[in-house]
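Contents: one structure, followed by commentary.
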Amino acid sequence: MAPTLKKKLSKAQKSTTKKNLKNSKIITPKHDSTSESEQEDVLQKNEHEVVDDDSEFSSDGDDPLVDDFLQGSDDEEEKASGLDSGSGSDSDSDEEDIETKSRAIDEEREREKEDADAEMQLNIKEESDEFRLPTAEELEEEALRPPDITNLKKRIEEIVRVLSNFKTLRQDGSSRKDYIEQLKKDIRSYYGYNEFLIGALEEMFPVVELLQLIEAFEKPRPMCLRTNTLKTRRRDLADVLINRGVNLDPLSKWSKVGLVVYDSQVPIGATPEYMAGFYMLQGASSFLPVMALAPQEKERVVDMAAAPGGKTTYIAALMKNTGIIYANEIKVSRLKSLTANLHRMGVTNTVVCNYDAKELPKVLGQNTVDRILLDAPCSGTGVISKDESVKTSKDLEDIQKCARLQKELILAAIDMVDANSKSGGYIVYSTCSIMVAENEAVIDYALKKRDVKLVPCGLDFGRPGFTKFREQRFHPTLEKTRRFYPHVHNMDGFFVAKLKKMSSSSKPSATSEPLEKEEEGIELVKEEKASNGRKENGKDSPESKSKKEKKKNFAPKQSNDIKENGEESSESKSKKDKKRKFPPKPSNDIKENGKESSESESNKRKKRQLPSKEEISKAREEKRNALRKNKSKGGKQQNSK
């Protein structure tokens, strides 16, 4: 037993002494001046001493303190192990507590965020639901102060929101008209429009879409290029421009030659490729009329308003420089840009002329052209993003003047086109305006005055034209026309219509006759209602009687000329045979009320020979001399008396 006890004793002593040494090493103060090497030497000496002690304890085998020492060492080991395990469990529990606390903190933060968002939404709903129109006093106070832009913008949005759900959100005692009137005023003051233009746009679009359109007018349209296929291909041009630092993409699926430019490190209108005529800076909307025209090779084509030449050069590229193009421009100042672009783009089949487009049928002749493009001069209400002066400069008179000119131009275009052309006989009418008076009303007028019909434009996108607008009713085939808007198609506001000439006669086609009859019936019903109202008040006036008598006299003439099956009677044929030598008179020379139209009145005025200015001045001088003589004679007679 002695040797085993000695071994155990030596192990216990070693462990205890090592622990004591370690504790002594840890307890050493920080300000101890001994170096690390000296401390290591001390430790080694202590270890040697421990070995010597072990040998001494091993020699004393019958020491009575051995058992106590062993028991004490076992207890200390158990306590140390217990302390170690306890410290490990405490650290684990501390980590778990930290995790639970962090989770709780995160949950509290999420709850606070949710509560804050919910409260903010409630506040917004309460504020929006409680929106009220400003009173007259508040409006007067606003007029005295400078405009509050943020308040105006917020009120516009609130009014649009109320009008979108008017039944539930409207204010008690206020009508839809009140909201719309306030919206018009706010838009005028915020965006800078005049009263006429906002009223016209409000009649055409719903309130939500109106605001989207006006916001789109405030942003510029993307810059587009049209590849000149006479000199290059779109892929090659794109590669060259990308190498020059131009960021671009193909325009869209509907165009094979267009490129849209996002940004450029070089001026896009001054590159060597531009100077060489590889591309043309052109808006995306300007592609559409030429695509609708679809000119064929070896045709005779007229561009009635050609400057600055973007559409003309596109037509020449589609025709591959074959056939002939008449590029007309009325303004001499714009002929320079037109001819310069034609030379730069390498166009060789174009004749530039400077005429009033209304006189072109006299110059080129009637029924002599295959296709005509009429990009008519207009009010420019579709390109406000390019010219903001349109917001305030256009009024009803300007629209009416443009519409009158456009009607004259489209009739001249129809007269020039040959209805018997094998490949053509088409007229494309386009404007950069979104006004109904300049678009659908002009096409409807042409359908009534000439034997033409509307055909599809060949464009897969775009909104159909109006067939009904306010009290106006247009031909049902106007659905084939196309409208383009900046907030829908991301291009300038545009209108495109394609007409096919059926014959050379100036009479209205059979398709437009039912519409005229419907309009006559509507007017008759209105007049009957007015006459009934007069009867209730008293007897008919002599004017109403005379109108009725005239209508009775004119009604059978219209019904006898055309039978129910559409064939002409023998009397009408004989009359036409007699009048073949003379040009056909327009069908609307006589109105329904029996009065002569403005055209017949203008002809009569032209027939009257008015005196010249010289004759008028001579007559005035003679009258003055006669008056002077009479006065002088009267004075002499008084003196003699």
Please give the Cα centre distance for the stretch 161-183 versus the stretch 263-288, rounded to the nearest Å.
48 Å
Give me the accessible area of Arg334, 1.4 Å probe, in Å² rounded to the nearest 10.
100 Å²
Run the simple label-point estimate for Glu359 and Leu169 please: 7 Å along Cα→C-beta, distance reported in nm.
5.8 nm
For His475, His487, His343, give the ranking by accessible area with the largest first, probe 1.4 Å.
His343, His487, His475
Between rounded, prolate and oblate, where does the stretch 225-320 land on the alpha carbon gyration tensor, with a ≥ b ≥ c its root eigenvalues, rounded for a/c under 1.5, else prolate if a/b exceeds b/c?
prolate
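Looking at the stretch 337-440, which GluC sites (Glu not before Pro) are in a loop (DSSP not H, G, I, E or B) and have at most 16 other Cβ atoms within 10 Å?
Passing both the DSSP loop test and the Cβ count: Glu388.
What net charge is computed for the residues neighbouring Ala441, neighbours being all others with C-beta under 13 Å from the C-beta of Ala441, Lys and Arg scored +1, Asp and Glu -1?
Numbers: positive: Arg404, Lys407, Lys448, Lys449, Lys468, Arg470, Arg473; negative: Glu438, Glu440, Asp444, Glu471.
Cβ neighbours under 13 Å give a net charge of +3.
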Rounded Å value of the spacing that divides the Cα centres of the stretch 186-244 and the stretch 347-421
22 Å
In whole percent, and with a 1.4 Å probe on the protein chains, what portion of the accessible area of the stretch 213-267 is carbon and sulfur?
49 percent
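Kindly sort Lys468, Lys631 by accessible area of their heavy atoms, largest first, with the probe set to 1.4 Å.
Working: Lys468 130, Lys631 155 Å².
Descending accessible area places them as Lys631, Lys468.
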Provide the descending list of Cα extents for the stretch 201-276 along its principal axes, expressed in whole angstroms.
47, 26, 18
Label point 7 Å beyond Cα of Lys336 along Cβ direction - residues of the stretch 295-313 with amide nitrogen under 15 Å:
308
Low-density loop positions, trypsin sites (Lys or Arg not before Pro), the stretch 215-255 - DSSP coil, at most 11 other Cβ in 10 Å:
Lys253
What's the FRET efficiency of Lys185 with Ser385 using the Cβ-Cβ distance as r and R₀ = 22 Å, to the nearest 0.05?
0.45
Would you please name the chymotrypsin sites (Phe, Trp or Tyr not before Pro) within the stretch 169-278 that are DSSP coil residues with at most 15 other C-beta atoms within 10 Å of their C-beta?
Trp254
Report the label-to-label distance for Glu297 and Ile98 in nanometres (one decimal), using points 7 Å from each Cα along the Cα→Cβ vector.
8.3 nm
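The values are calculated or read from the model by the stated rules, or taken from the named source; none is laboratory data. Computed from a prediction, not measured in an experiment: that's the story for all the values here. Quick reminder, even Gly has a Cβ in these numbers, built from the backbone with ideal geometry, and neighbours come from all protein chains shown. We work out accessible area using only protein heavy atoms, side chains counted, and drop any ligands, DNA or RNA first. Shrake-Rupley method; radii C 1.70, N 1.55, O 1.52, S 1.80 Å.
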